[in-house]
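Q: Got a structure for you, written out below as structure tokens; questions coming shortly.
The values are calculated or read from the model by the stated rules, or taken from the named source; none is laboratory data. Only a predicted model underlies this, so the values are computations on that prediction, with no experimental measurement involved. Quick reminder, even Gly has a Cβ in these numbers, built from the backbone with ideal geometry, and neighbours come from all protein chains shown.
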Amino acid sequence: MSSALKRLSSLAAHFSPSSSSPTVPSAPDSYNHRHNIHQLSPTVFLPRAAAIEPEACFLYHVTANKQILRRSYQEAADRARGLAYFLLKHQYKRVGILAPNTPAFLESIYGIGAAGAVQVAINYRLKEEDIEYIFDHAEVDSIIVDAEFQHLLASFCKSHPKVAVIVDTDTDATEGELSGPFDRAVLEGLAFDAQTGGHGWNTLETECVNEEGMLALSYTSGTTAKPKGVVYTHRGAYLATMSNIVESSLNTHNSKADRCHYLWTLPMFHATGWTFPWAVTAIRGTHYCLRKIDYPEIWRLLKDEAISHFNAAPTVNILLCADPNAEKLSGMFGDLENKECHFLTDLQNLSALPLQRVLQLLTCSKPWRTSISTPYTCTA
């Protein structure tokens, strides 16, 4: 075969899938640790942060039962560890997530990764048949679902009765009457760890065997055809995480706070939250979770909790500025005159909202510049 044909054959092989469903790249039968090579995985950021600042605030959330919940990095790391050991005990390898931006979602991202499993988080706004198709195509063996959206799994559960469904009730209770199956799974995992030697994070996959292995599957919403899956590798997610720390200036916090306060207006199911679940944790910021877009609540958090960063589409920003609770947040962000606000100028050119009105309410820094990687990254 000529060299030209060999190159063409090699190129064609990249477009010939070996299976109709996504698969994890095969790992070697044995792992020979090379001390000069570190396999990159963003899962390491949670136990690392908990070891450095265990009492720092990991998350703030208003639960489904309307209670304010705060968790430290140590508490979050313990819960993620418990979930990881639960998944290992039951040998779950592909874990679906159907939930809004809740603590359970955030903790699951780390627990699933630490168990060496693959997370498949999908849009809870999809139709029931699309949800069934995605979870079937991804070959999930378990699903973590928020109680509000459990009914969307009816068709899938009917056709896949053996898939475990773990319901999160999103309350401030971790055990007892108000807790749910997700909390019980965490406690079961912690007990399993204690019974098998109490190794904690030491035997979990904070450093994966193969950094090119699959960490997450994200799916399109299927607007033009059937939903399509996109693979996140450990290495890709780690590098994107580090890039977001720089691009979004996550170490530049609000002057009224001691660290980054990140507001979760971006869905965590959307491209795995653009890797911000890992990025905010890496710099030991505080995650402000939101079950839904609630403009009065967002303004309360902006005013009372010194939010420093959030991600949102232009429509969300426009409606945020139009909310009756909107007011100028003076004395918090420095001089606006020297900032480059390409995004705001684009809004004015589109006549979406008068630029002066936006400037009265919000200010921005360099992360607001429109870019290919994070087009709507906002710094309040």
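Q: Can you confirm whether GLU212 is acidic (Asp, Glu) and either buried (at least 23 other Cβ atoms within 10 Å of the Cβ) or farther than 27 Å from LYS93 by Cα (or both)?
A: Against the criterion (acidic (Asp, Glu) and either buried (at least 23 other Cβ atoms within 10 Å of the Cβ) or farther than 27 Å from LYS93 by Cα (or both)), GLU212 does not qualify.
Q: Test GLY176 against the stated conditions and say whether it is farther than 30 Å from ASN65 by Cα, without any contact (Cβ under 8 Å) to a residue 40 or more places away in the chain and either crowded, with 17+ Cβ neighbours inside 10 Å or assigned by TED's automatic domain parsing to the domain that holds ALA117 (or both).
A: Spelling it out, it is not the case that GLY176 is farther than 30 Å from ASN65 by Cα, without any contact (Cβ under 8 Å) to a residue 40 or more places away in the chain and either crowded, with 17+ Cβ neighbours inside 10 Å or assigned by TED's automatic domain parsing to the domain that holds ALA117 (or both).
Q: Could you go through region 280-288 and let me know if any residue there is of a type in the set (A, V, I, L, M) and in a helix (DSSP H, G or I).
A: First pass over region 280-288, keeping only residues of a type in the set (A, V, I, L, M): 280, 282-283.
Restricting the remaining residues to those that are in a helix (DSSP H, G or I) gives 280, 282.
Yes; the residues of region 280-288 include at least one that is of a type in the set (A, V, I, L, M) and in a helix (DSSP H, G or I).
Q: Only one of these conditions is not met by VAL165: (1) in contact with a Cys (Cβ under 8 Å, 6 or more places away or on another chain); (2) in a helix (DSSP H, G or I). Which number is it?
A: Every listed condition holds for VAL165 apart from (2).
Q: Something else now. Could you tell me which of the residues THR252, THR224, THR206 is over 26 Å from ALA138 (Cβ atoms) and surrounded by fewer than 24 Cβ atoms within 10 Å (Cβ to Cβ)?
A: Values: THR224 fails: over 26 Å from ALA138 (Cβ atoms); THR206 fails: over 26 Å from ALA138 (Cβ atoms).
Residue meeting the stated conditions: THR252.
Q: Report, by residue number, each residue of region 274-326 that is hydroxyl-bearing (Ser, Thr, Tyr) and in contact (Cβ under 8 Å) with a residue 60 or more places away in the chain.
A: THR275, THR281, THR286, TYR288, SER308
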